[in-house]
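As structure tokens, the structure follows; a few thoughts come after it.
What follows is calculated from the coordinates using simple rules that are stated; it is not laboratory data. This structure is a prediction, so every number in the text was calculated from the model and none was measured. We place every Cβ from the backbone using ideal geometry, glycine too, and count neighbours over all the protein chains shown.
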Amino acid sequence: MKKMINALKSVSTPIKSSSSEVLRDKDPVIETSIKILAEVMSYRRSPEKVKPCRDSKCESCTSIYLPKIVYAVKNRRPVNFVLPAFPGKSPNLNKVVGVVPDFAEKISLSFLQSLCKRVKTIYSPGIQIIICSDGRVFSDVVGMQESHVTSYQAELDRLIDEMSLKDISTFNLDDIYKNLSFAQMRDELMKTYGKSSEILKHKIKSGARPGATLEEVEANRMYCGITRFLFEDSLFPGQRKSRAAIQREAKSKAYEVIRRSNAWSELIEELFPEAVRLSIHPQACGSKKLGIRLVGNESWMTPWHGVAMETPKGHILVKRSEAEELGARLIYDSLGRPSFYQLLDSDLPAFIESKL
């Protein structure tokens, strides 16, 4: 593994220029780099209660992202972005229709590829998005079956190939720790990159207090979001636990999911030091990661926690239960697998209108 890390590190080492130095330099490389960042930031996902800067010249943002973009542009290379995402379908069938990628993932992949295509009109080498599929990292904590994660990863790769998405690739834990069991893969990851759960808990709790640092606030926000997802995923048909018990379990599991995710992020940063780091989670101005939407018109839904629904005004992502409550018709793909829902009513409910 060390050889692989060293080989990847030798490919490129990002420049260390400060954002103020970068912004003072008005040469074409800088101008192009700012335009690339602006294009990506136009689909930025920010916390609801925090006003996003949405400005590619914001010094807090450029100090993190722009030097890496400048380095790639200066060397006429594609700009690499890493996106920990697409872990596998939620185990809750009230939210999804199966265990492999469906039309919801297709919409998201198409959106990401369209972003890459738009950047090429600015900078011909373009950008490359590396999806760092993280399902294997925490599957045992969130209740995803290993076979389902394997099937999801394989189908995701097949879709990328079938759709000819030349600027998108995948990377997962299986690519690093070969010839190990899945449990051993996770053990190796945490042994090398894992941090103390007590440190994490302190950071999360501090994030809810006045005077918290940006990192602490982000940790607390992520904890709340992960807890909500785990709680919802556990409300599957047939389960008999009380909502209070499920909530307690979700809070406990959220710490471990975040601890694993942080370790995965550390590994990714080490393997791809030249890449700009993206996140599906809302990120405040100046965060190490740039929050990004997975579908242009959605606010907070992922393909693996919902389904695609076709409406007269376009496709949106919703929970399966929401689509069925609206009377939407389930559409199957060419292989006979559930793919998406179709709602043809011209009068859409208010909560659906708000997503379009």
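For the peptides 307-313, 232-238, what is the packing order when you average, over each peptide's residues, the other Cβ atoms within 10 Å and list the highest mean first?
307-313, 232-238
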In order through segment 163-174: 3J(HN,Hα) via Karplus (6.51 cos²θ - 1.76 cosθ + 1.60), integer Hz, x for Gly, Pro: 8, 6, 8, 5, 9, 10, 9, 10, 8, 8, 4, 4
Options (i) 44; (ii) 59; (iii) 49 - which one matches percent of Cα pairs over 27 Å apart as calculated here: (iii)
Segment 266-331, Cα convex hull volume normalised per residue, Å³: 129
Other-chain or far-sequence residues with amide H under 5 Å of Val307's (modelled H): Val318, Lys319, Arg320
Residue order, fewest to most surrounding Cβ atoms within 10 angstrom, among Ser196, Ser169: Ser196, Ser169
Cβ-based exposure ranking for Met163, Met301, in which fewest neighbours within 10 Å come first: Met163, Met301
Evaluated at q = 0.11, 0.21, 0.22, 0.25 Å⁻¹: base-10 log I(q)/I(0), Debye formula over Cα of segment 134-235: -0.50, -1.14, -1.16, -1.23
Nearest-0.05 FRET efficiency for Asp174 and Ser242, computed from C-beta distance (R0 30 Å): 0.20
Karplus 3J(HN,Hα) series, Hz, for segment 269-286 with 6.51 cos²θ - 1.76 cosθ + 1.60 (x for Gly, Pro): 5, 6, 7, 10, x, 8, 8, 6, 8, 9, 8, 7, 8, x, 10, 6, 4, x
Max mean-square fluctuation residue, GNM over the chain, Cα-Cα springs under 10 Å, options Gln184, Gln247, Gln239: Gln239
Helix-only mean residue ellipticity at 222 nm for the chain, each DSSP H run of n ≥ 4 adding -39500 (n - 2.57), per residue, nearest 500: -15500 deg cm²/dmol
Residues whose placed amide H lies under 5 Å from that of Gly207, excluding near-sequence neighbours: Asn220
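Which ordering of Lys289, Lys95, Lys191 is given by a fewest-first count of other beta-carbon atoms within 10 Å?
On the way: Lys289 19, Lys95 23, Lys191 9.
The most exposed by this proxy come first: Lys191, Lys289, Lys95.
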Length-normalised contact order for the chain - Cα pairs under 8 Å, 6+ apart - percent: 24
